[in-house]
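So the structure is just underneath, and the comments pick up after that.
The values are calculated or read from the model by the stated rules, or taken from the named source; none is laboratory data. Nothing here was measured: the structure is a model prediction, and the numbers come from that model. Glycine gets a Cβ as well: all are built from the backbone with ideal geometry, and neighbour counts include every protein chain shown. Just the protein is used for accessible areas: all its heavy atoms, side chains included, with ligands, DNA and RNA removed. Shrake-Rupley method; radii C 1.70, N 1.55, O 1.52, S 1.80 Å.
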Amino acid sequence: MASLRRRQLLLLAVAVSCLVVGAQAADAQIKVDASPLLARKVPDTLFGIFFEVLHLCFVCLFVCLFVLGFEAGGPHTPSNIDPWGVIGSHSSINVMTEQASYFKRNSVVLRMEVLRDSPAGHVGIYNPGFWGMNIEEGKMYKLVMYIRSIDSVQLTASLSCSEPSGQLQSLASASTQDIVMSNWTKVELQLLAHGTCRTSRLELKTSKKGVIWLDQVSLMPSDTYKGHGFRKELMHMILELKPRFLRFPGGCFVEGNTLRNAFQWKETVGPWEERPGHYGDVWNYWTDDGLGYYELLLLAEDLGADPVWVINAGISHTDYVNATAITPFVKDALDGIQFAVGDVGSRWGSIRAAMGHPKKFGLKYIAIGNENCENDHYQGNYITFYNAIREAYPDIRMISNCNGLSSSLGHPADLYDVHVYKRADDIFFKKNMFDKTSRIGPKAFISEYAVIDTKDAGKGSLLASLAEAAFLTGLERNSDIVQMACYAPLFVNDNDRRWNPDAIVFNSWQQYGTPSYWMQTFFRESSGALVHPITITSRYSDLMAASAITWKGTDNSFLRVKIINFGASAMNLTLSATGLQVGINRVKSKVSVLTSNNVMDENSFNHPNNVVPVTRELPAAGKEMQVLLGPYSFSSFDLALDQ
């Protein structure tokens, strides 16, 4: 019946919009009580981000331009060398994999046998990267590889671009010295690009007869964020959200389809060359784990966000261990915490220090499992983790997979995890989801939310963002019981859309925010702010959502009133604020609006600003003012407070 009522309200909104064309808009009143006595502090961690280490996310944020080793084809040789390709005919070159690596945990290498001297034309191998490498003029690229050969080696590395004619144009090249490398030798070359190409490839070629073994080949641009390997443009987009926490590394990625392919943090620390990598069987791709536990802790630190580490609870999508066999998993989690926060004299703290980070990371939160509560063995496994972590690290806050929204968890926890994936109208009406939740017990962590219905969301629609915004105003109003929340997923590569919609869309050289990304920018000052009581009075109040906070900027404090009009008709709104201790500064006040001509409008690479916030001055700002809310719009009124 509730769902039917919602549908009726939405149909009513459409009908009303037809009636008010050329007529007066509907009326509404919103009142904010900004009295300090009724204000309540919002948790410092209310809004953050969720980063799942998908194939596409490794490519987007961590800008190693291709997979490092040759293990992707499996541990048995000969194996598939994909994504590498061969330059030259089978009569001039023979390429295969062998188990001959210097690195014990990465045994597979590439053996390239050149059958004859070819002074007229080089032969070798090439790597196209992930849907083409973005090489830009004037930038330096660092190539690292390990080489062994019985004879002297002369190898030319080049970055090449395919011309419309089919010819390859060299953008940069460098060569190794013609010397003997009978033992495995680390070779580093600097490639300076003298042209720009979005679909480049790396070529390793020689004209000399002989056998060359190659291993652990990597190519990185020199201008990454803080030199930590992260793509600057995407980091800047994340920073614009001012996230207060970073949940990682998944999601389903943590569980694995089977436990044997679950994320193993110990396999992802230490030198890249010594990380064995693993097959991500949930998302079906091989990862060298170059973006590992250490890099994700570093990412949180670079963002100024609290790390939220999701650990495997001994449960995958298809298999599990019970409480009698969970001890190794618990020890693994304790070791991981020690890696993050242990002294440099501890076993795992010393490994962190050896990687260049003697300072402890600020790990405060551990999520035990992901969506595992329905598994019969979760409760038993969870309590074993909880007791061990609480004893060893009493300050760590633990997050249960079980939902405490309407009933007791049945076990101790600091927070409980809630995932909300629904249609647009369902998410909109979940703005009241926590209004009647008990204030006793653990806090809520909405670690994944989004409108995902294809008809409502598309590839990221205005409609989806408005519903999500309404949901967030409810979390803001109920932030005495809601501690944390983050959208999912954060990233998608336009070449590999495995999930729609997402907050940020990218390819090798472009990026844009969907309306759901821009919606989140309206909430970036909410964490740590003061939230105020707010009331809506209107015949169509069920199609509106609102919240009010006071936040401090660099020069001013602001009363921010966020209002969503989820209906198809405009609203004549009287907005008033009582209880203010100071006046309103009209000169510094402003309003930002997220809307578009069509509620299903999206952004794209060609039109990245089709649906983005528009900000203007608010000369009529005051403790009471008349404003017009457009249909299907999200408005944020920042009323500057006199000093």
- Query: Can you put 448, 267 in order of accessible area, largest first, using a 1.4 Å probe?
  - Reply: 267, 448
- Report, to the nearest whole %, how much of the accessible area of the range 94-141 belongs to carbon and sulfur atoms, 1.4 Å probe, protein only. 48 percent
- Task: List the relative contact order of the chain as a percent without decimals, with contacts defined as Cα pairs under 8 Å and 6+ residues apart.
- Result: 17 percent
- Task: On the protein heavy atoms, probe 1.4 angstrom, tell me the percent of accessible surface of the range 230-324 carried by carbon and sulfur.
- Result: 49 percent
- Note on the structure: Sorted list, accessible surface of protein heavy atoms, 1.4 Å probe, largest first, for 27, 417 is 27, 417
- Query: Can you pull the accessible area of residue 364 for me, 1.4 Å probe, Å² to the nearest 10?
  - Reply: 100 Å²
- Quick one: how many Å² of residue 272 are accessible to a 1.4 Å probe, rounded to 10? 70 Å²
- Karplus-derived 3J(HN,Hα) from phi for the range 312-320 (6.51 cos²θ - 1.76 cosθ + 1.60, θ = phi - 60°), whole Hz, x at Gly and Pro, runs 6, 8, x, 9, 10, 6, 10, 9, 6
- Query: What residues have an amide H closer than 5 Å to that of residue 195, excluding those fewer than 5 places away on the same chain, when H is modeled at 1.01 Å from N in the peptide plane?
  - Reply: 137, 138
- Query: With θ set to phi - 60° and the Karplus curve 6.51 cos²θ - 1.76 cosθ + 1.60, what are the ³J(HN,Hα) couplings of the range 522-539 in order, to the nearest whole Hz, using x for Gly and Pro?
  - Reply: 6, 10, 5, 9, 6, 4, x, 7, 10, 9, 10, x, 9, 10, 10, 10, 5, 4
- Task: Please determine, in degrees from 0 to 90 and to the nearest 10, the orientation of helix 462-477 with respect to the longest principal axis defined by the Cα atoms of the chain, where the helix direction is its Cα long axis.
- Result: 70 degrees
- Do any trypsin sites (Lys or Arg not before Pro) in the range 366-450 lie in a DSSP loop with no more than 12 other beta carbon atoms within 10 Å, and if so, which? 436, 439
- Which values of log₁₀ I(q)/I(0), to two decimal places, follow from the Debye formula for the range 533-613 at q = 0.10, 0.16, 0.22, 0.26 Å⁻¹ with a uniform point scatterer at every Cα? -0.36, -0.83, -1.17, -1.33
- Query: Given a 1.4 Å probe, how much area per residue of the chain is accessible, in Å²?
  - Reply: 40 Å²
- Item | Rounded to the nearest 10 Å², the accessible area of residue 347 at probe 1.4 Å | 150 Å²
- Message: Accessible area of the range 466-528 with a 1.4 Å probe: how many percent of it is carbon plus sulfur?
- Response: 40 percent
- Query: Quick one: helix 2-19 against the long Cα principal axis of the chain, what's the angle to the nearest 10°, folded into 0 to 90?
  - Reply: 70 degrees
- Taking the Cβ of residue 337 as the centre, find all other residues whose Cβ is under 13 Å away and add up their charges (Lys, Arg: +1; Asp, Glu: -1). +3
- In whole Hz, the Karplus estimates of ³J(HN,Hα) for the range 153-167 (6.51, -1.76, 1.60; θ = phi - 60°; x where Gly or Pro) are 10, 10, 10, 9, 9, 9, 9, 10, 10, 7, 7, x, 6, x, 6
- Message: Could you order the peptides 373-381, 562-570, 207-215 from most to least packed, using the average number of other C-beta atoms within 10 Å per residue?
- Response: 562-570, 207-215, 373-381
